[in-house]
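Notes follow the structure.
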């Protein structure tokens with residue numbers, strides 16, 4: 001009886017401790033909220049210039065999200081509406097996927113056949129000025145807004161590039177950006193070439209149809225899957241494309257804050273190209289969904305990965321709508337390859353490293369030494 005009373009007292013004390021701790025945390029949060037309101041009031045009343053309180057609040061929300069990682073961000077109702085327009089496959093702009101790093105806009109990847117790509121902007125470039133306006137100190141949404149404008153209008157970007165001492169100036173004309181994610185060709189009469197520039201909702205269907213066409217050609221005995229400058233897209237499509245070339249095994253797993261939401265995806269039986277030799281081309285502009293495909297095929301030794309180390313974006317973002325018709329893009333999970341390795345900040349290392357030879361390098365031109373190497377490797 002005495003032991004039972006002691007146990008009961010211990011449980012009550014433990015619950016009181018937990019409750020007290022929770023109340024302390026909650027009180028601290030409310031104190032911080034009060035502090036934020038006080039700071040905003042001081043700025044509004046005493047700052048040298050009159051401020052727009054609405055814009056200040058947006059910047060504060062953005063600052064909170066961007067302190068988490070480079071990919072989380074706030075989207076105002078205007079930006080969110082524009083993003084929804086972009087996913088339909090046609091929008092105005094330069095044609096680059098960007099993120100924020102150390103207060104500067106970093107190019108994840110230029111999109112094929114767009115003004116940015118044709119001008120020579122490369123993955124890993126840092127945009128420091130837009131039309132002579134400093135990017136440092138602006139949010140990603142604000143920087144993206146500066147890059148948008150009427151179709152046919154010009155824009156000047158000043159770029160810092162790793163390995164170059166001087167800044168590079170690009171004068172580019174904005175265009176309507178049409179995203180064509182899948183392009184195919186037959187190279188040297190025997191190689192089925194598939195170029196995938198993004199993972200959108202139709203990518204898997206289009207690739208499957210093209211593979212069927214190639215497989216009906218008895219001369220095709222090898223494949224090249226080109227994922228260079230592919231910034232990613234839908235996880236479901238990355239899983240589907242990986243599955244086209246695998247017979248079994250894990251493709252990718254995601255781990256989130258809640259273990260109950262952790263997931264794994266596995267390949268179904270049926271390699272669409274019946275084990276034919278496959279080379280996957282990647283570069284620093286290959287990110288996210290591209291890295292899932294390259295990593296899965298590498299881990300299962302199903303493909304030769306050729307090119308440069310990929311970007312290292314191993315996280316899952318969800319778009320969460322808000323009451324004001326805006327939204328937040330929030331990192332909710334991380335990707336893990338079949339080996340259990342994370343690609344975050346590391347990327348996928350190629351089996352054969354071939355770097356771009358010159359600044360004039362362009363994909364699928366005479367300057368494309370990576371593709372030329374892959375062709376020679378397949379045809380001896």
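Table for the structure above
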{"quantity": "Exposure proxy ranking, count of Cβ atoms within 10 Å, fewest first, for 322, 281", "calculated": "322, 281"}
{"quantity": "Crossing angle, helix 2-46 versus the chain [Cα axis fit, 0-90 degrees, rounded to tens]", "calculated": "80"}
{"quantity": "Acute angle (nearest 10 degrees) that the helix 369-379 long axis makes with the longest principal axis of the chain, alpha-carbon atoms", "calculated": "50"}
{"quantity": "Relative packing of peptides 265-273, 345-353 - highest average C-beta neighbours within 10 Å first", "calculated": "345-353, 265-273"}
{"quantity": "Computed over segment 280-380: relative contact order in percent, which uses C-alpha pairs under 8 Å that are six or more apart", "calculated": "28"}
{"quantity": "Folded to 0 to 90 degrees: helix 289-299 orientation relative to the chain principal axis, Cα", "calculated": "70"}
{"quantity": "Residues residue 30 and residue 165, FRET efficiency given R0 of 51 Å [Cβ-Cβ distance, rounded to 0.05]", "calculated": "0.50"}
{"quantity": "DSSP beta bridge pairing in the chain, given as percent antiparallel to the nearest 5", "calculated": "75"}
{"quantity": "Tensor-based shape of the chain (alpha-carbon gyration tensor, a/c under 1.5 rounded, otherwise prolate or oblate)", "calculated": "oblate"}
{"quantity": "16 Å reach of a label modelled at residue 202, 7 Å along Cα-to-Cβ, counting backbone N of segment 218-234", "calculated": "234"}
{"quantity": "Packing-based ranking, highest mean first, of 290-296, 70-76, 336-342 given that Cβ atoms within 10 Å are counted", "calculated": "290-296, 70-76, 336-342"}
{"quantity": "Order of 316, 280 under a 10 Å beta carbon neighbour criterion, fewest first", "calculated": "316, 280"}
{"quantity": "Alpha-carbon Debye profile of segment 90-178, log10 I(q)/I(0) at 0.20, 0.26 Å⁻¹", "calculated": "-0.89, -1.56"}
{"quantity": "Kirkwood estimate for segment 262-380, i.e. one over the average of 1/r between Cα atoms, Å", "calculated": "16.2"}
{"quantity": "Gained length - residue 346 relative to residue 261, 0.36 nm times residue gap less alpha-carbon distance", "calculated": "28.2 nm"}
{"quantity": "Calculated FRET value between residue 276 and residue 128, using beta carbons and R₀ = 51 Å, to 0.05", "calculated": "0.65"}
{"quantity": "Relative contact order of the chain, pairs being alpha-carbon contacts under 8 Å that are 6 or more residues apart, as %", "calculated": "13"}
{"quantity": "Virtual paramagnetic centre 7 Å along Cα→Cβ of residue 376, amide N under 12 Å, in segment 297-314", "calculated": "none"}
{"quantity": "Ranked 197, 184, criterion: other C-beta atoms within 10 Å, fewest first", "calculated": "184, 197"}
{"quantity": "Residue-span extension gain [residue 332 to residue 45] - 0.36 nm each, minus C-alpha spacing", "calculated": "99.5 nm"}
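Bear in mind that the values in this text are calculations on the coordinates, not laboratory data. A quick note: this is a predicted structure, and the numbers were derived from the prediction, not measured. All Cβ positions, even for glycine, are placed from backbone atoms using ideal geometry, and neighbour counts span all protein chains on display.
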